[in-house]
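Engineer: Have a look at this one.
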Amino acid sequence: MSKLSDPLLPAVFCGIDVCAATLAVAIQQDDQALERREFANNASGHKALIACLHKRKARARVSLEATSIYSLDLALALDAVEQIEVAVLNPKVVNRFAQTLRRSKTDSADAQVLAEYSRRMPFTAWRAPNRNGLQLRTISRHISGLSVQHTREQNRLHAAQGSAATPGCVVLDLKRSLASLKRRIVKLRRQAMALLQLDEALRQRFELMISIPGIAQISALQLLGELAALPDEMSVRQWVAHSGLDPVHQDSGSSVHRPSRISRAGNRHLRRALYMPALVAVQHDPHLRAFYELLQNRHKAKLQALIAVVRKLLHAIYGVFRSQMPYDGHKLFPALILG
């Protein structure tokens, strides 16, 4: 049952524009004038905001944009309070809604747009993810960032070694930096695996994921870190939309016929984590390889076919999670006849 199930309580609609240090807040109640406030984006500021909403003795619907670590603590604080329901929105969705309301862009104007979103649009309440899932996501994203840094340092070392003008001390320093990054990545992966052992549900999902061709331990940690934070009631179509892999068609009349593309209006971390497993899967899984080749035979570009495989891989993960059974390509492609 919703925290706001009492229909007798009046409603307060609140929008919060989240910055690193401050919260710009717009509050609308009944026909009263819009109220604008500002709070610090820290624990004491969150408490002051909650007290401000409680003073109105009304159920509150609060909308804010997903801004990574800057909005997470606030969303957790609001979600823990009775009579407050919070929606954490995709910034691209908010931007499209905002284009119908305002021309200026300031923190105060953004907060007002979010308050209007709370009042006008269908409200989907955010649910706090599992704590271990949140920790796994944080670790996996940090590992991903270090891996990107490791690749950059490798490229710098390759360039440095290719020039006779590079001092030996620079080459040595780059090698030390690479070794340090590798040790940190290995240590963090061990900590992520230790975290899985403390949570039976996460551990089972991890084992199911590595049963899918193309997904090994490293990829499974990245993917599970992103998927563990999603509500259990989400459908596979919602997973696809969340990842930004949903297709966007651009056809209008007889003059506009543009190639379809993916929306990219979703979780870029999840989208990136799926890419390499898809490349491996089309080489080692006969079902996904046949699907990939079938699309190419239908004159799809290689990248289009690969993105379709990425989407199918997400369907496969959803399927093994729901069935609690290891991967079976025949279930993913029941009508596909292998050559």
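Engineer: For segment 17-31: of the residues being buried (at least 19 other Cβ atoms within 10 Å of the Cβ) and among the β-branched types (Val, Ile, Thr), which is nearest to Lys57 (Cα to Cα)?
Structural biologist: By that ranking, first place goes to Ile27.
Engineer: With among the small types (Gly, Ala, Ser) and either over 26 Å from the mean Cα position of the chain (by Cα) or in a helix (DSSP H, G or I) (or both) as the only criterion, which of Ala87, Ala33, Ala20, Ala60 stands out?
Structural biologist: Ala33
Engineer: Pairs needed: first member in segment 102-115, in a helix (DSSP H, G or I); second member anywhere, of a type in the set (Ser, Thr, Tyr) and modelled with pLDDT of 90 or more; C-beta distance under 8 Å; at least 6 residues apart or different chains.
Structural biologist: Asp107/Thr22; Leu114/Ser63; Ala115/Ser63
Engineer: Among the hydrophobic types (A, V, I, L, M, F, W, C), crowded, with 17+ Cβ neighbours inside 10 Å, under 19 Å from the mean Cα position of the chain (by Cα) and under 29 Å from Arg137 (Cβ atoms): is that true of Leu72 in this structure?
Structural biologist: Answer is yes for this residue.
Engineer: Among (1) among the hydrophobic types (A, V, I, L, M, F, W, C); (2) in contact with a helix residue (DSSP H, G or I) (Cβ under 6 Å, 6 or more places away or on another chain); (3) surrounded by 20 or more Cβ atoms within 10 Å (Cβ to Cβ), there is one condition Ile307 misses while meeting the rest; what is its number?
Structural biologist: (2)
Engineer: If you go through segment 230-244 one residue at a time, do you hit one that is in contact with a strand residue (DSSP E or B) (Cβ under 7 Å, 6 or more places away or on another chain) and either in a loop (DSSP other than H, G, I, E, B) or among the hydroxyl-bearing types (Ser, Thr, Tyr) (or both)?
Structural biologist: Yes, segment 230-244 has at least one match.
Engineer: Then there's this: From (1) surrounded by fewer than 21 Cβ atoms within 10 Å (Cβ to Cβ); (2) on the phi < 0 side of the Ramachandran plot, pick out the condition that doesn't hold for Ala115.
Structural biologist: Here Ala115 meets the rest and fails (1).
Engineer: State all residues of segment 312-339 that are part of a helix (DSSP H, G or I) and at pLDDT 95 or above; if no residue qualifies, say none.
Structural biologist: If the condition is that a residue be part of a helix (DSSP H, G or I) and at pLDDT 95 or above, then Lys312, Leu313, Leu314, His315, Ala316, Ile317, Tyr318, Gly319, Val320, Phe321, Arg322, Ser323 are the ones that fit.
Residues checked against (1) among the aliphatic types (A, V, I, L, M); (2) surrounded by 11 or more Cβ atoms within 10 Å (Cβ to Cβ); (3) free of Cβ contacts under 8 Å to residues at least 24 places away in the same chain:
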| site | (1), (2), (3) |
| --- | --- |
| Leu134 | yes, yes, no |
| Arg141 | no, yes, no |
| Gln149 | no, yes, no |
| Gln154 | no, yes, no |
| Thr166 | no, yes, yes |
| Leu178 | yes, yes, no |
| Ala192 | yes, yes, no |
| Leu196 | yes, yes, no |
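Engineer: Considering Ser177, Ser163, Ser108, which residue is among the small types (Gly, Ala, Ser), assigned by TED's automatic domain parsing to the domain that holds Arg37 and more than 23 Å from the chain's Cα centre (by Cα)?
Structural biologist: The conditions single out Ser108.
Engineer: Output the number of the condition that Phe97 fails; it satisfies all remaining conditions of (1) closer than 20 Å to Cys14 by Cα; (2) crowded, with 19+ Cβ neighbours inside 10 Å; (3) under 22 Å from the mean Cα position of the chain (by Cα).
Structural biologist: (2)
Engineer: Pick from Ala273, Ala229: which is hydrophobic (A, V, I, L, M, F, W, C), within 16 Å of the chain's Cα centre (by Cα), surrounded by 13 or more Cβ atoms within 10 Å (Cβ to Cβ) and at pLDDT below 90?
Structural biologist: Being hydrophobic (A, V, I, L, M, F, W, C), within 16 Å of the chain's Cα centre (by Cα), surrounded by 13 or more Cβ atoms within 10 Å (Cβ to Cβ) and at pLDDT below 90 holds for just one of Ala273, Ala229, which is Ala229.
The values are calculated or read from the model by the stated rules, or taken from the named source; none is laboratory data. Owing to the predicted nature of the structure, the values given are computational and were not obtained by experimental measurement. Neighbour counts run over all protein chains shown; Cβ positions are idealised from the backbone, glycine included.
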